[in-house]
Amino acid sequence: MIIKNAKTINNKTVSIIIENEKIKKIDLDNNYLNYKDDNIIDANYNYVISGIIDPHVHMRDPGLTHKEDFNSGSKAAARGGITTFLDMPNTVPNTISKENLLSKKSMMIGKSYVDYGFHFGGSKTDNSDDIKNIINDAASTKIFFNASTGNMLVEDDKILEKLFEVSKIVTVHAEDKMVDKAISIAKKTNTPLYLCHLSLESEINSLKKAKDSGMIIYGEATPHHLFLNIEDVNKNDKNKMLLRMKPELREKKDNEALWKAILDGTIDTIGTDHAPHLISEKMEKLTFGIPSVEHSLELMLKKVNDNTIDLQLLTKIMTENTSKIFGINNKGLLEENYDADFVIVDLNDNSEIEEKDIITKAAWSPYLGFKRGGKVITTIVRGNIVYNNGIFSDTIIGKEISYK
Ligand code: DOR
Ligand code: ZN
Ligand code: ZN
C-alpha cells in the first residue's frame, strides 16, 4: 500500500510506503511512482497523522455487553481515528486474576476493528502474586483509590503498597486528596505512576510537584474534563443525569488549568475514559461515565484549529507519549519500521457532530451539536483500511499489542 499526497504534521507533502503492515519508507519528495504497488490511496493533501492510542477505555466486555462490547466499542474507536486502545479491568468478572485476564484475551480474539491491550486490576484481596505473573501480558496495574463503576476500590494501605511494589507501572483512579496518597505510595515503593483523568487544578499542582522531585509520574486528561464543566451539567435536568461521571465535571478554571498543563508538558496524554451506559440507565439512577471514543480526536482538533495547540503537540499526547509510557511495541510514531497505523483528517471540515456519527452501543453522545475541529476521513491499522468515509471494513483485523 502507498498513501500519496499525505501532509505530515510538519507540513511536508510525502508518500508513505507500507509493506508487511509496517511503514517501509516515507518518501519526502512524494515520488510514489518510484515504487511498485497498485494499491495507492490518495490522501488529497489532507493531514495523515499517527493513529491515535487511547490508553483508557471501558469496553464492558465481558459481562456488561448490553452497554458496549469489544466489537461495537472498537468500531466506534475506529470511527474516531483510534487505532489502539487499552481496556480497563472493571468488567464482569473484574480482570484481577491471571485466569480472568487470559480468558478475557481469548474471548476478545477476532472481535476488534483496531488493535488493543489490557490493563490488569489491583484487588482489595491482594492479588500481588497474580500481578507478578502477568507483568508482560498487561499495560499496567489499575488501582481504584475512589469508589466507581465496578466495586474495585482498594483502601488498605498495606495491600496498596504490596500491589505497587510488584507492578511495572500503576495507573490510578484517584481524585483530589487521593492523588496525593497515590503519589506518596509510588514514592515510597519507587513505582512509576500514571494518574488517570486529572480534573482539578490542585491535582495538576500535585503532579507538577512530583515531577519536579524527579519521580517517574505521568498525567492524563480526558476530553470531557477539557471541554465540559459544571455549567454544562446545570444547564437542564437531563444533563444533571447524563453528564455524571467520576471524577465529576469541574469548574471553568479547572478546564483552563488543564489546557495550561497540556501546553507546559505537565499533562502527558489524552485518554477518553470511554464509559458507555445506556441512556435509560443514565436517567434512572446516578450512573457514572459517558461514551466518547468517536469524538476525542475531532474535539481535540478544535484546539489545533484555534491555534491553542499545534499538531506536533496533539500527536505527542495522543500517540507518542502514550506508547512510550506503557512500553507499547512499534506504535506511536509515523516513522519507518513502525506499524502502519494512521488517521487521515480533514481539518477544513468543521461540521457539527450528529446522531449519525454515533457508533457506540450506548447510542448517545454528550457532544451532539459540537463543531468538530476536523473530520476523521480514514483510519488505517497496520496497513488495513478499517474505516473510510462512513464505511467500515468487513474484515476484523484488530489484534493484541505487545510490550517492551
Ligand atoms: O465515570 C466513570 N465511569 N469513572 C470511572 O472511574 C469508571 C467509569 C465506568 O467504568 O463506568
Ligand atoms: Zn476512573
Ligand atoms: Zn475509567
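The values are calculated or read from the model by the stated rules, or taken from the named source; none is laboratory data. Since we're looking at a predicted model, the values are computed, not measured. All Cβ positions, glycine included, derive from the backbone under ideal geometry; neighbour counts span all protein chains shown. When the accessible area is computed, the model is the full protein with side chains, heavy atoms only, and any ligands, DNA or RNA have been set aside. Shrake-Rupley method; radii C 1.70, N 1.55, O 1.52, S 1.80 Å.
Checked against (1) open to solvent by less than 40 Å² (accessible area, probe 1.4 Å); (2) under 27 Å from D349 (Cα atoms); (3) within 25 Å of the chain's Cα centre (by Cα), K7 meets all criteria but (1). Please verify whether region 301-317 includes one or more residues that are in contact with a strand residue (DSSP E or B) (Cβ under 6 Å, 6 or more places away or on another chain) and under 21 Å from G117 (Cα atoms). Yes, because at least one residue in region 301-317 is in contact with a strand residue (DSSP E or B) (Cβ under 6 Å, 6 or more places away or on another chain) and under 21 Å from G117 (Cα atoms).
Are any residues in region 203-248 under 20 Å from K142 (Cβ atoms), in a helix (DSSP H, G or I) and out of contact with any strand residue (DSSP E or B) (no Cβ under 8 Å at 6 or more places or on another chain), and if so, which ones? Listed by number, the residues that qualify are S206, H224, H225. Just wondering, is there one or more residues in region 147-168 that are small (G, A, S), over 24 Å from the mean Cα position of the chain (by Cα), more than 16 Å from ligand 3 (Cβ to nearest atom) and at pLDDT 95 or above? No: zero hits. Evaluate the following for K124: is it of a type in the set (K, R) and under 16 Å from the mean Cα position of the chain (by Cα)? Considered against the rule, which asks whether it is of a type in the set (K, R) and under 16 Å from the mean Cα position of the chain (by Cα), K124 comes out as no. Quick one: in region 316-332, which of the residues that are hydrophobic (A, V, I, L, M, F, W, C) and under 15 Å from I49 (Cα atoms) is surrounded by the most Cβ atoms within 10 Å (Cβ to Cβ)? Residue satisfying both the conditions and the ranking: M318. Only residues that are among the charged types (D, E, K, R), farther than 14 Å from Y116 by Cα and open to solvent by 10 Å² or more (accessible area, probe 1.4 Å) were counted across region 129-144, and they come to 3. Out of I290, I262, report the one residue that is open to solvent by less than 10 Å² (accessible area, probe 1.4 Å), assigned to a helix (DSSP H, G or I) and out of contact with any Gly (no Cβ under 6 Å at 6 or more places or on another chain). Residue meeting the stated conditions: I262. Residues that are at positive phi, touching a Leu at 6+ places or on another chain (Cβ under 9 Å) and surrounded by fewer than 12 Cβ atoms within 10 Å (Cβ to Cβ) within region 351-373 are absent altogether. Quick check: is even one residue across region 288-310 away from ligand 2 (no atom under 16 Å from the Cβ), free of Cβ contacts under 8 Å to residues at least 60 places away in the same chain and basic (K, R)? No; the residues of region 288-310 include none that is away from ligand 2 (no atom under 16 Å from the Cβ), free of Cβ contacts under 8 Å to residues at least 60 places away in the same chain and basic (K, R). Residue check: N348 meets all listed conditions (1) of a type in the set (S, T, N, Q); (2) open to solvent by less than 20 Å² (accessible area, probe 1.4 Å); (3) without any contact (Cβ under 8 Å) to a residue 40 or more places away in the chain but one, namely (2).
Each row is one residue, and each column tells you yes or no for (1) of a type in the set (A, V, I, L, M); (2) more than 16 Å from ligand 1 (Cβ to nearest atom).
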residue: H197; (1), (2): no, no
residue: Y218; (1), (2): no, yes
residue: T222; (1), (2): no, no
residue: L249; (1), (2): yes, no
residue: D268; (1), (2): no, yes
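Taking every residue in region 37-57 that is among the acidic types (D, E) and pairing it with any residue that is in a loop (DSSP other than H, G, I, E, B) and surrounded by 24 or more Cβ atoms within 10 Å (Cβ to Cβ), at least 6 positions away or on another chain, the pairs with Cβ-Cβ distances below 7 Å are D54/G271; D54/T272; D54/V293.
N255 meets each of the listed conditions (1) open to solvent by 60 Å² or more (accessible area, probe 1.4 Å); (2) more than 16 Å from ligand 1 (Cβ to nearest atom); (3) not small (G, A, S) apart from (1).
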